[in-house]
Amino acid sequence: MASIKDVAAEAGVSVATVSRVLNDHPSVSADARTRVRAAVETLGYRPNAVARSLRTDQTRTLGLVISDVMNPYFTELARSVEEEARALGYSVIIGNADERPDLQDHHVRTLLDRRIDGLLVSPTDGGSPLMLDAVRAGTPMVFVDRWIPGVEVPVVRADGQAAIRDLVAHLHGLGHCRLAIIAGPAATTTGSERVDAFRAAMAEYGLPLPDAYIGQGDFQAESGRRVTEGFLDLPEPPEVVFAADNLMALGALDAVRARGLRVPDDIALAAFDDIPWFVHTDPPVTAIAQPTGELGRAAVRALVDRIEGRPPTSVTLPARLVVRRSCGEPPPRVQPRPPVQPPSPPPTQSPSPVQRSTS
């Protein structure tokens, strides 16, 4: 493997000049810069990232701690983070908190020990002392999807309040009056925000929301199954179950089918966090979609701004309602095809007169 000395010899310059070219230092002539880059290409030289990080105090590495890697929403988020980071010259190390605050802190501590340049976190609770210490120590950090209120860290998230209101309006328009919600954990901002938005929308449309119609989940499928079973056991079950995330919606669907019931004939179902699977269920699930890919990309850009000395900004993007057929929506009307006309027969031609040959 070629060394920096080999590059210097090939280009006919000093090792210091090669180093300045590799670090984009402006005090190098155009001719020397061209010769060094040609030598790097010829020899296939690759700088030692570890050695360079010791000199520059940067590793060009970002940490990402997500709440649950099994949740398709966070899987898509992690993918968009990795793609945007790579485009900006950074690598990403991912830690899965599995919705556990202790595991979250384990990953944060490990990433900080590895001297990452910045940290993206979707907090599993509202007050990790370790993260607060990291913020106070000046660690570049951005909260994505969830956040810790009162902590001065840029937040990149989707605002689902308008979409939840649109969902309640849609259900009300279909004639549903008894709406229940499987809420996420109150210790998370997304858990509390979604149930508050649902409660406000229900009040706006004059729909009652008894305590029995608010079930406490934990953003996991098993809790969606458990809460839905409780709803179905009520003397007057709800007409609609709204699950505040996709995994709880899948658990709710399992509970309904285990009772031999059908969606939406016996009970309707809607979800927050649209996923590709919802198109393929029978019926397809009405859901609230977040701009997941753009959230991941915006979070990386905000963090890199913070790392590179530019002022970072918080970003809020709108979620939107995607109407399908799990709440009793009428099937889409299929426009009848115009009748196919049989092809016209080819025009008949009279036979041409036979020419007699003369001998």
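Of note:
- Of the solvent-accessible surface of the range 178-243, computed with a 1.4 Å probe over protein heavy atoms with every protein chain present, carbon and sulfur atoms account for 54 percent.
- Between Lys5 and Ser314, the contour length at 0.36 nm per residue exceeds the alpha carbon distance by 106.8 nm.
- Backbone amide hydrogens, once placed in the peptide plane, bring Thr286 within less than 5 Å of Arg324, Arg325, Ser326, Cys327, excluding anything fewer than 5 places away on its chain.
- For the chain, calculated [θ]222 nm from helices alone, where every DSSP H run of n ≥ 4 adds -39500 (n - 2.57): -12500 deg cm²/dmol
- Max mean-square fluctuation residue, GNM over the chain, Cα-Cα springs under 10 Å, options Tyr45, Tyr205, Tyr90: Tyr45
- Shown in residue order for the range 208-216 are the 3J(HN,Hα) couplings computed by the Karplus curve 6.51 cos²θ - 1.76 cosθ + 1.60 at θ = phi - 60°: x, 9, x, 4, 5, 9, 10, x, 8 Hz (x for Gly and Pro).
- Kirkwood Rh (inverse of mean 1/r, distinct Cα pairs), the range 143-244, angstrom: 14.4 Å
- Solvent-accessible surface (1.4 Å probe) assigned to Trp147 amounts to roughly 50 Å².
- Put Cys177, Cys327 in order of accessible area, highest first, and with a 1.4 Å probe you get Cys177, Cys327.
- Centroid-to-centroid separation of the range 116-164 and the range 311-327 [C-alpha atoms, Å]: 19 Å
- Of interest is the spacing of the C-alpha centroids, which for the range 193-212 and the range 259-277 amounts to 20 Å.
- Accessible carbon and sulfur surface of the range 262-313 relative to its total accessible area, %, 1.4 Å: 51 percent
- Of Ala298, Ala203, Ala16, the residue with the greatest mean-square motion in the GNM of the chain, using alpha carbon springs below 10 Å, is Ala16.
- With protein chains left intact and a 1.4 Å probe, residues in the chain average 52 Å² of accessible area per residue.
The values are calculated or read from the model by the stated rules, or taken from the named source; none is laboratory data. As the structure is a prediction and not an experimental result, all values here were calculated from the model. Areas reflect the complete protein model, heavy atoms only, side chains present, ligands, DNA and RNA absent. Shrake-Rupley method; radii C 1.70, N 1.55, O 1.52, S 1.80 Å.
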